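Only one structure is covered here, and it is reproduced in the block below.
Readers should treat all values here as calculations from the given coordinates under stated rules, not as data from a laboratory. Just so it is clear, the model here is predicted, and its values are computed rather than measured. We place every Cβ from the backbone using ideal geometry, glycine too, and count neighbours over all the protein chains shown.
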Amino acid sequence: MLAELGLTPTDLATRSELPAKRVEHILDGRWVRITLRDMALIASVLGTPLFSLMGPVETTIIAEAFEIAE
């Protein structure tokens, strides 16, 4: 998406006012505690609705058998 908008990760960091290293980690998919504020800033820079960054939601509930022991 960045390439389509002619943006680099550095541009995204500058425009969102987030640290460049943090943006780099987010884009690389590293485990980062990303806040809703971070996502809102990034969505704003990208000109996309926030929900589009949320990804698909898994709604399947997996039932597992369990035994209650006293």
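Taken along the Cα-to-beta-carbon direction at a fixed 7 Å, the label points for residue 3 and residue 50 span 3.0 nm.
Which order do peptides 21-32, 5-16 fall in by mean Cβ count within 10 Å, highest first?
Working: 21-32: 13.2, 5-16: 14.8.
By packing density, highest mean first, the sequence is 5-16, 21-32.
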